[in-house]
Amino acid sequence: MVTRARAGPIQGEVVMRAPFVVALIVTCLLPTVAAAGVNDPPPAALPNRVFTVPGAIKTDKLDTVIACTDVDSASVSLKAQFYDQDGTLMGSSGGPNFSINPGGSIHFATGNLAGIPLSVSFNVGQFYGSARVVATSKKLICTGYVVDNASNPPAVMRTLPMIRGLAQKGD
């Protein structure tokens, strides 16, 4: 019995492999999409992820408020960032940083609220998801709550957990 060595792939094999090779090359060249949301590294100017806030929401009748007080001996720059259920940063909450003096307070909200003096009102669409507070110092005390924005003054519906960094007690 005589066997013949194969010199290379037959024509059909080359054609079958070409789409796979092209798809592999294209996949390798595409930018990778990192996990988004509260897990993202904090911005360089605000290196501390001070609080993570699950349960943030904005609807036609509900808004989320995050209030923080500087308990450091120096001014603190900070921002609150709101994320939807997919981890996408909402509206202008990725905008400028804000500063508060020692002992000073700031209120961030997902909408304009009658009866509550707000420092910052973000123009965000309706969402449910989470929020986080990032700052130049961890010496902040904060609280979060959901309000019924249809009443004046808004009625507090529920408080939100303020988780230090990303770890709950017991983790």
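The values are calculated or read from the model by the stated rules, or taken from the named source; none is laboratory data. Predicted model only: the values in this text are computed from it and were never measured. Reconstructed Cβ throughout: ideal geometry from the backbone, glycine too, with neighbour counts over all protein chains shown. Ligands, DNA and RNA are excluded from the accessible area calculation, which covers all protein heavy atoms including side chains. Shrake-Rupley method; radii C 1.70, N 1.55, O 1.52, S 1.80 Å.
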So, with points 7 Å from each Cα along the Cβ direction, the Ser75-Asn112 label distance in nm works out to 2.8
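Multiplying the sequence separation of Ser92 and Arg158 by 0.36 nm and subtracting their Cα-Cα distance, what value in nm do you get?
Values: separation 66, 0.36 × 66 = 23.76 nm, distance 2.43 nm.
Extending this stretch completely gives an extra 21.3 nm.
Please state, rounded to one decimal and in Å, the Kirkwood hydrodynamic radius that segment 31-123 gives when every pair of distinct Cα atoms enters the mean of 1/r.
Numbers: mean 1/r = 0.0696 Å⁻¹.
About 14.4 Å for segment 31-123.
Using unit Cβ charges (K, R positive; D, E negative) and no other charged atoms, how large, in debye to the nearest 20, is the dipole of segment 104-171 about its Cα centre? Intermediate values should be presented prior to the final figure.
On the way: 6 positive and 2 negative charges, 64 e Å.
The dipole magnitude comes to about 300 debye.
If you take every residue apart from Val146 with its C-beta less than 13 Å away from the C-beta of Val146, what net charge results, scoring Lys and Arg +1 and Asp and Glu -1?
Details: positive: Lys58, Lys61, Arg158; negative: Asp63, Asp148.
Residues close to Val146 contribute a combined charge of +1.
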Whenever you get a sec, compute what percent of the accessible area on segment 49-171 sits on carbon and sulfur atoms (1.4 Å probe). 51
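Give me the one-decimal Kirkwood hydrodynamic radius in Å for segment 83-171, with the sum taken over alpha-carbon pairs. Please list the in-between numbers first.
On the way: mean 1/r = 0.0679 Å⁻¹.
Across segment 83-171, the inverse of the average 1/r is 14.7 Å.
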